[in-house]
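Written out below as structure tokens is the structure these notes cover.
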Amino acid sequence: MIQHLIEKCLVLELSQAECIASLARSARIKPAITLAVWNALEKENPVFFRDYNQKPLSPASRMANRQRRVAAEEECAGKILKCLELWRIS
């Protein structure tokens with residue numbers, strides 16, 4: 001589940017810090033857990049992350065990403081909370 005959320009952060013072109021903060025805020029995932037999964041993904045895909053981390057973003061792109069992130073966080077938080085409720089019931 002966390003890997004899937006990190007992948008959504010990558011699609012939104014969030015930095016590692018932005019992704020960690022976003023998941024902590026919207027999905028209530030502890031930053032240490034997100035960081036551990038992020039690091040595991042980096043080890044599995046070093047070339048992708050090297051290129052991803054070197055890609056510069058324009059200010060307009062950053063603003064658009066922030067707007068998409070806020071919308072995605074709101075949608076994601078609702079879905080995650082529903083899943084968590086279902087897991088607690090099971």
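Only residues that are at pLDDT below 90, more than 8 Å from the chain's Cα centre (by Cα), under 21 Å from GLU74 (Cβ atoms) and of a type outside the set (Gly, Ala, Ser) were counted across region 17-56, and they come to 1.
Quick one: would you say LEU14 is among the aliphatic types (A, V, I, L, M), modelled with pLDDT of 90 or more, open to solvent by less than 30 Å² (accessible area, probe 1.4 Å) and under 21 Å from ARG68 (Cα atoms)?
no
Residues in region 25-64 that are part of a loop (DSSP other than H, G, I, E, B) and under 11 Å from ILE2 (Cβ atoms): ALA27, ILE29, LYS30. Taking each residue of region 40-68 that is among the charged types (D, E, K, R) and looking for partners that are open to solvent by less than 60 Å² (accessible area, probe 1.4 Å) and at pLDDT 70 or above with beta-carbon atoms closer than 6 Å, six or more apart or interchain, yields GLU42/PHE49; ARG68/LEU12.
The values are calculated or read from the model by the stated rules, or taken from the named source; none is laboratory data. Here the structure is a predicted model, which means the values were calculated and not measured. Reconstructed Cβ throughout: ideal geometry from the backbone, glycine too, with neighbour counts over all protein chains shown. Calculation scope for accessible area: heavy atoms of the full protein, side chains included, ligands and nucleic acids excluded. Shrake-Rupley method; radii C 1.70, N 1.55, O 1.52, S 1.80 Å.
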